[in-house]
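**Q** Sharing a structure with you now.
The values are calculated or read from the model by the stated rules, or taken from the named source; none is laboratory data. Small disclaimer: the values here were computed from a predicted structure and weren't measured. Note that each Cβ is placed from the backbone with ideal geometry, even for glycine, and that neighbours are counted across all protein chains shown.
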Amino acid sequence: MKPHIGISDKNLKKTSDILSSVLANEMMLYVKTRKAHWNVRGENFMELHRLYEEHYKLIEESADAVAERIGKMGHTAIGTMTEFIKLSTIKENAGKNGSSKETLRELLKDHETVIVQLRSDAADCIDKNKDSGTADFLTWIMEGHETMAWILRRYLD
């Protein structure tokens, strides 16, 4: 059954497409953060191990909320790695396990990529799709990434 929430079918589809890209980025960042958690080494092993675990749990919650929002828009959430890779602006780094600093830098870059995209997507939801609810939702996700990026940045200062 289609939602009748004051947004045209065309704009619901455009919003769902935006959310699918957001979901792809969330899942790519989740996997990369999990990889960092599994492979961290060095003198601050336990601290970073716990930090990455905290971050991937937050990202997992965010991804779940995005998938559910797609459903609220009357569409079906993507759910395969093929789809995530295709729609993500974050790229894999297969076969590379860098130092703690390199991993921190890569994750920070990925969070910042997500933040910039979310900021643009939130504006599009308001300006093009007349969907302030999803814009607010994306802002909430963006704020979470801003906090995680800030924490990662502190390790690199």
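**Q** Yes or no: Ala135 assigned to a helix (DSSP H, G or I) and hydrophobic (A, V, I, L, M, F, W, C)?
**A** For Ala135, the condition - assigned to a helix (DSSP H, G or I) and hydrophobic (A, V, I, L, M, F, W, C) - is met.
**Q** Any idea how many residues of the stretch 1-21 are outside any helix (DSSP H, G or I) and among the aliphatic types (A, V, I, L, M)? Give the derivation first.
**A** Start the filter on the stretch 1-21 by keeping residues that are outside any helix (DSSP H, G or I), which leaves 1-8.
Among the residues that remain, those that are also among the aliphatic types (A, V, I, L, M) are: 1, 5, 7.
Number satisfying all stated conditions: 3.
**Q** From the list Thr89, Thr80, exactly one residue is hydroxyl-bearing (Ser, Thr, Tyr) and under 30 Å from Met1 (Cα atoms). Which is it?
**A** Values: Thr89 fails: under 30 Å from Met1 (Cα atoms).
Thr80 is the lone residue from the list that is hydroxyl-bearing (Ser, Thr, Tyr) and under 30 Å from Met1 (Cα atoms).
**Q** Further question on the same structure: Kindly list, by first and then second residue, each pair from a residue in the stretch 132-157 that is without any contact (Cβ under 8 Å) to a residue 12 or more places away in the chain to a residue that is surrounded by fewer than 19 Cβ atoms within 10 Å (Cβ to Cβ), limited to pairs with Cβ atoms under 6 Å and residues at least 6 apart or on different chains.
**A** Pairs that qualify, where the first residue is without any contact (Cβ under 8 Å) to a residue 12 or more places away in the chain and the partner is surrounded by fewer than 19 Cβ atoms within 10 Å (Cβ to Cβ), are Ser132/Ile126.
**Q** Follow-up question, since we're still on this one. What residue, of Ile85, Ile115, Ile59, is closer than 15 Å to Ser20 by Cβ and either touching a helix residue (DSSP H, G or I) at 6+ places or on another chain (Cβ under 8 Å) or in a helix (DSSP H, G or I) (or both)?
**A** Values: Ile115 fails: closer than 15 Å to Ser20 by Cβ; Ile59 fails: closer than 15 Å to Ser20 by Cβ.
Step by step, each of Ile85, Ile115, Ile59 is checked, and only Ile85 is closer than 15 Å to Ser20 by Cβ and either touching a helix residue (DSSP H, G or I) at 6+ places or on another chain (Cβ under 8 Å) or in a helix (DSSP H, G or I) (or both).
**Q** Could you tell me how many of the residues in the stretch 5-26 are small (Gly, Ala, Ser) and under 22 Å from Ile85 (Cβ atoms)?
**A** Start the filter on the stretch 5-26 by keeping residues that are small (Gly, Ala, Ser), which leaves 6, 8, 16, 20-21, 24.
Then keep just the ones that are under 22 Å from Ile85 (Cβ atoms); that gives 16, 20-21, 24.
The total comes to 4.
**Q** Exactly one of these conditions fails for Ala63: (1) surrounded by fewer than 21 Cβ atoms within 10 Å (Cβ to Cβ); (2) within 17 Å of Trp140 (Cα to Cα); (3) in contact (Cβ under 8 Å) with a residue 12 or more places away in the chain. Give me its number.
**A** (1)
**Q** Looking only at the stretch 129-154, count every residue that is touching a helix residue (DSSP H, G or I) at 6+ places or on another chain (Cβ under 7 Å) and either modelled with pLDDT under 95 or within 22 Å of Ile7 (Cα to Cα) (or both) and tell me the total.
**A** Total satisfying the criteria: 10.
**Q** Can you confirm whether the stretch 53-67 contains a residue that is in contact with a His (Cβ under 7 Å, 6 or more places away or on another chain) and closer than 21 Å to Thr147 by Cα? Spell out how you get there, then give the answer.
**A** To start, the set of residues in the stretch 53-67 that are in contact with a His (Cβ under 7 Å, 6 or more places away or on another chain) comprises 53, 56.
Of the ones still in play, those that are also closer than 21 Å to Thr147 by Cα are 53, 56.
Yes, the stretch 53-67 contains a residue that is in contact with a His (Cβ under 7 Å, 6 or more places away or on another chain) and closer than 21 Å to Thr147 by Cα.
**Q** Only one of (1) within 14 Å of the chain's Cα centre (by Cα); (2) modelled with pLDDT under 95; (3) among the polar types (S, T, N, Q) fails for Gln117. Which number is that?
**A** (2)
**Q** Here is a follow-up. Among the residues of the stretch 66-82 satisfying the criterion of being of a type outside the set (A, V, I, L, M), assigned to a loop (DSSP other than H, G, I, E, B) and touching a helix residue (DSSP H, G or I) at 6+ places or on another chain (Cβ under 8 Å), which is nearest to Met28 (Cα to Cα)? Don't jump to the end; show me each part of the working.
**A** Step one: of the stretch 66-82, the residues of a type outside the set (A, V, I, L, M) are 68-69, 71-72, 74-76, 79-80, 82.
In the following step, the residues that additionally are assigned to a loop (DSSP other than H, G, I, E, B) were identified as 74-76, 79-80.
Adding the requirement that they be touching a helix residue (DSSP H, G or I) at 6+ places or on another chain (Cβ under 8 Å) leaves 74-76, 79.
Working: Gly74: 24, His75: 21, Thr76: 19, Gly79: 12 Å.
Once the filter is applied, the top-ranked residue is Gly79.
**Q** Within the group Ala122, Ala149, Ala135, which residue is farther than 14 Å from Val22 by Cβ and surrounded by 15 or more Cβ atoms within 10 Å (Cβ to Cβ)? Write out each step before concluding.
**A** On the way: Ala122 fails: farther than 14 Å from Val22 by Cβ; Ala135 fails: farther than 14 Å from Val22 by Cβ.
Going through Ala122, Ala149, Ala135 in turn, just one is farther than 14 Å from Val22 by Cβ and surrounded by 15 or more Cβ atoms within 10 Å (Cβ to Cβ): Ala149.
**Q** Taking the stretch 22-56 only, how many residues are farther than 26 Å from Pro3 by Cα, in contact (Cβ under 8 Å) with a residue 40 or more places away in the chain and either among the acidic types (Asp, Glu) or not in a helix (DSSP H, G or I) (or both)?
**A** Selection size over the stretch 22-56: 4.
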